[in-house]
1. Could you run the Karplus curve 6.51 cos²θ - 1.76 cosθ + 1.60 with θ = phi - 60° over segment 103-112 and give me ³J(HN,Hα) per residue in whole Hz, x for Gly and Pro?
2. Pull up the cross-link candidates among the lysines for K187, meaning alpha carbon to alpha carbon under 17 Å and not fewer than 8 places away within one chain.
3. Taking amide H positions as placed in the peptide plane 1.01 Å from N, state which residues far from A157 in sequence (5 or more) or on other chains have amide H under 5 Å from it.
4. Just name one of S97, M65, W76: the one whose Cα is farthest towards the positive end of the charge dipole of segment 42-275 (beta-carbon charges, Lys/Arg +1, Asp/Glu -1).
5. Determine, for D161, D54, D220, the number of other Cβ atoms within 10 Å of each Cβ, and report the residues in order from fewest to most.
6. Can you give me the distance in nm between label points at D72 and E272, each placed 7 Å from the Cα along the Cα-to-Cβ direction?
7. Between beta-carbons, use under 11 Å as the cut-off and find the net charge around I218, counting Lys and Arg +1, Asp and Glu -1.
8. Test of understanding: what is the full-extension gain from R109 to A63, defined as 0.36 nm times their sequence separation minus their Cα-Cα distance?
Amino acid sequence: MELPRTSRSYGSEIEELIVGKGDYIIGGARSPPFLELDNARNRRPVIFGEAYDDLGLYNESAASMFSGRQNDIEEWAVMWKELGADGICLRLTRPDSQELVKRIADRTRIPVMVSADTDILKKTASEVDDSILILYCRDEAQSLEMSSYSNNHILVANCGDTDPQTLCRRMQELGASNIIVDLGKGKMGPSFKTLRSRISSYRMDGLNGVPDSQHNIICDATPSWDEHGHDVTARKASMIEAMTALGAMMAGADVIVVKGPGAADMARVYGEELADL
């Protein structure tokens, strides 16, 4: 017996955000992730590969994956594009990083995300105006402080244990107009179940029209490397990171940040396969 066809749609949808040089769009979900419901977009999450300007802060076991190009952050960013990443996440420490950000945006022509101290983020937001950046705030305090300085860029609401709707409202009151929410660190372990639940709940709130729940969700999967120390093999850490990325995607994350090319490739390929089902 043939099963009857079913139809289901939701009362709201997740907002779309234009990033990069204006030719990349993220978000816009109209259904839970990877389900073929009415008006589903079949759009996979976007994958950002990280690059550091100070390798002293970088996991040593990961360096070998980039064939020496990690020694020049600009070349490192270009390599991420060659590897098929949708964007670059720059972890910056230098106070004069604005020209670097501009050069990377111009050379790669893909979206750029910046994580840095508040002074660097403020200067970057004010001086980089030919690309729409994602400013990745490290905690709730930085998210609130940057709300008045985000310019036309996209600001990450790093929620921690804070209610995301409350934090987003406070940021908007302070001047933030484009927001992505970070609901917790992406790493395997007992906390990952809680993170997936938070992501899924926030996404369903957004689809059901709960105010301040229509923002896109970002998950940083790179802490999965740090959890296992600097001695873990790149292969093992990449597999753990890939599982973290896939779990977050299935829960409803729209943007994934990864450290390893292996995790980036798996997340991108599986995302494309699932979106086409």
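Bear in mind that the values in this text are calculations on the coordinates, not laboratory data. Computed from a predicted model, the values in this text were never measured in an experiment. Here Cβ is always computed from backbone atoms with ideal geometry, including for glycine, and neighbour counts include all displayed protein chains.
1. For segment 103-112, the Karplus curve yields 5, 5, 4, 6, 6, 8, 6, 10, x, 10 Hz.
2. Filter leaves K236, K259.
3. Long-range HN contacts for A157: I180, V181, D182.
4. Farthest along the dipole direction, towards plus: M65.
5. Taking fewest neighbouring Cβ atoms as first place, the list is D161, D54, D220.
6. Placing both labels 7 Å beyond Cα along the Cβ direction yields 2.8 nm.
7. Taking every Cβ under 11 Å from that of I218, the sum is -3.
8. Using 0.36 nm per residue and subtracting the Cα-Cα distance, I get 14.2 nm.
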